[in-house]
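Derivation of every value follows stated rules applied to the coordinates shown; laboratory data play no part. All values derive from a computational prediction rather than experimental measurement. Note: ideal-geometry Cβ built from the backbone for every residue, glycine included; neighbour counts use all protein chains shown.
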Amino acid sequence: MDLLDLIDLIQALTDGVLFGTTYALIGIGFTLIFGVMHKINLSYAAASIGAAYLSLVLVNLVPAPIVYLGAALAGGVLGWLIYLICFRFIPLENPLATLMSTVGMLLAIEELISHLTLGMPQNYPALFANSNLEFGSFFLRGDLLFIFFLGCAAMFALTMLLKRTKLGLATRAVAQQATAAQLCGMSVSA
């Protein structure tokens with residue numbers, strides 16, 4: 001193997017790990033929703049995209065840290081609205097109804113974004129454009145490093161929440177055996 005091939009391999013592996021943090025967070029979200037509620041939320045990705053587009057409005061108005069908080073808040077509000085519309089009032093016995101309602105929500109969010117942006121892609125400004133770390137022949141992008149560390153912190157916080165709090169204990173109990181959790185006084189309604 002040539003030295004250039006080895007450097008390219010290291011660069012590709014590093015970029016893969018940095019990009020993989022985002023996919024890991026998405027996977028954890030799907031797993032929590034399906035594992036606890038036993039329902040598939042197909043509007044999950046659309047809510048993330050909706051939060052990104054809502055934060056795009058803030059980019060030119062406020063500093064970057066506030067944009068990140070705004071994106072997280074927008075994602076939380078969209079997730080709460082999806083929960084209210086698609087899960088809250090649909091009985092647990094109708095998993096197909098929630099599946100279809102999340103498909104409808106996915107289409108509604110995508111169409112709303114498409115109409116608001118006139119179907120044109122929107123460029124998200126690079127907030128860490130000049131903050132690349134270079135190590136010899138390969139480099140690490142600043143935005144990917146930020147996402148990596150933020151994602152790792154979020155995964156650690158979620159692990160601590162699920163392992164060390166009463167809410168985490170209740171969540172794990174409902175996911176493992178909903179009937180037993182309900183007999184212990186926990187609310188298992190979606």
request  = Grab the DSSP H runs of the chain that are 4 residues or longer, score each as -39,500 (n - 2.57), total them, divide by all residues and round the 222 nm result to the nearest 500 deg cm²/dmol.
outcome  = -23500 deg cm²/dmol
remark   = Gyration tensor on Cα atoms of segment 126-190, a ≥ b ≥ c root eigenvalues, a/c under 1.5 rounded, else prolate if a/b beats b/c, else oblate, says prolate
request  = Please give the peptides 111-121, 131-141 ranked by average Cβ packing (other Cβ atoms within 10 Å per residue), highest first, as a rough proxy for protection.
outcome  = 131-141, 111-121
query = In Å, what Rg and Dmax follow from the Cα atoms of segment 85-170?
reply = 20.5, 58
remark   = With +1 at each Lys and Arg Cβ and -1 at each Asp and Glu Cβ, the charge dipole magnitude of the chain around its Cα centre, to the nearest 20 debye, comes out at 1000
query = Out of every Cα pair in the chain, what percent are spaced more than 23 Å from each other?
reply = 56
ask   = At what distance in nm do the modelled label points of His38 and Cys152 sit from each other, each positioned 7 Å from its Cα along Cα→Cβ?
value = 3.8
note = Applying the gyration tensor rule to the Cα atoms of segment 1-61 (axes a ≥ b ≥ c; rounded if a/c under 1.5, else prolate if a/b exceeds b/c, else oblate), the class is oblate
task = With a cut-off of 20 Å, note down the residues of segment 98-132 whose backbone N falls inside the zone around a label point 7 Å from the Cα of Leu81 toward its beta carbon.
result = 98-120, 122
query = Among residues other than Ala46 whose Cβ falls under 15 Å from its Cβ, what is the net charge (Lys/Arg +1, Asp/Glu -1)?
reply = -2
task = With a length cut of 18 Å (Cα positions projected on each helix's long axis) and a Kyte-Doolittle mean of at least 0.0, go through the chain and give me the DSSP H helices that pass.
result = 3-37, 44-58, 64-83, 95-116, 142-164
note = Rg from C-alpha atoms of segment 30-125, normalised by the globular rule of thumb 2.2 N^0.38 Å, equals 1.19
key: Label-reachable residues, segment 103-146, where backbone N falls under 20 Å from a point 7 Å from Asp2's Cα toward its Cβ   = 136-139
